[in-house]
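The values are calculated or read from the model by the stated rules, or taken from the named source; none is laboratory data. Worth saying up front: this structure is predicted, and the values here are computed from it rather than measured. Cβ sites come from the backbone with ideal geometry, for glycine too, and all protein chains shown count toward neighbours.
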Amino acid sequence: MQPSKRLFVGLDLPASCKTRLLSLDPHLAGLRWLSEEQFHLTLSFLGDVEANAEDRLCEALREVQVPPFLLPLCGVGVFNIRGRPSVVWAGVGKGHPHLFALHRRIQDAVLHAGLEPDLKPFHPHVTVGRAKSISGQALQPFIRRYAETDFGMFEVTGFQLYSSVLAPGGAIHHLEMRRDF
């Protein structure tokens, strides 16, 4: 039996956006800024998927189609767990209809492949930092400074299926499939 892979479907960012996000690192104790290789927008996290199910998933994902669209990268914010910052993110504006249509079609493809879709509410973002033992108060000046900042716009012309291997320095992502519209 082949081993399973930890999979997710995401959008890669252009190098210019990644460079801009990398340059934001406030170098705060207790905040680990991600590397450029880790910047992406997750459309659906699937978890561990066995090889035969991955084949079905790839087949279903090849059928996903939406028109290419422009997506802004703007503003930063924080997700909290039990009142403590856990993730620092860059946003993508207010509810882009094509992005939500793409997310819905990917979820349909996941179901069609016989897998469990990611049922958490879809809050599109790019994770840029992981918080450990840092207070929300310590992050406030950074958040205020970049809350409305425009980090560029990019054209979404497809999506990617990645595998992810957890490592001490953060997850290592490998491209498994690319779907261009």
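Quick notes on this structure:
- Top-ranked residue in segment 105-130 [being crowded, with 18+ Cβ neighbours inside 10 Å and among the aliphatic types (A, V, I, L, M); ranked as nearest to His40 (Cα to Cα)]: Val126
Residues checked against (1) out of contact with any Asp or Glu (no Cβ under 7 Å at 6 or more places or on another chain); (2) buried (at least 19 other Cβ atoms within 10 Å of the Cβ):
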residue: His40; (1), (2): no, yes
residue: His103; (1), (2): yes, yes
residue: Lys132; (1), (2): yes, no
residue: Gly136; (1), (2): yes, no
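- Residues of segment 146-169 that are closer than 14 Å to Gly91 by Cα and not hydrophobic (A, V, I, L, M, F, W, C): Tyr146, Glu148, Thr149, Asp150, Gly152.
- Condition check for Phe159: outside any strand (DSSP E or B), within 24 Å of Arg20 (Cα to Cα) and at pLDDT 95 or above: no
- Among the criteria (1) modelled with pLDDT of 95 or more; (2) in contact with a helix residue (DSSP H, G or I) (Cβ under 8 Å, 6 or more places away or on another chain), the one Gly152 does not fulfil is (1).
- Candidates are the residues of segment 70-83 that are out of contact with any Leu (no Cβ under 9 Å at 6 or more places or on another chain) and surrounded by 14 or more Cβ atoms within 10 Å (Cβ to Cβ); the one that is nearest to Leu11 (Cα to Cα) is Pro72.
- Of the strands (runs of 3 or more DSSP E) contained entirely in segment 3-122, those carrying at least 1 residues that are farther than 30 Å from Ser133 by Cβ and not hydroxyl-bearing (Ser, Thr, Tyr) fall at 5-12, 40-49, 69-81.
- Set Leu102, Leu28: member being under 16 Å from the mean Cα position of the chain (by Cα) and under 30 Å from Thr149 (Cβ atoms): Leu102
- Test: residue in segment 140-159 that is in contact with a His (Cβ under 6 Å, 6 or more places away or on another chain) and either in contact (Cβ under 8 Å) with a residue 60 or more places away in the chain or surrounded by fewer than 16 Cβ atoms within 10 Å (Cβ to Cβ) (or both): no
- Some residue of segment 10-23 being of a type in the set (A, V, I, L, M) and touching a Gly at 6+ places or on another chain (Cβ under 6 Å): no
- Test: Gly136 is more than 17 Å from Leu46 (Cα to Cα) and touching a strand residue (DSSP E or B) at 6+ places or on another chain (Cβ under 6 Å): yes
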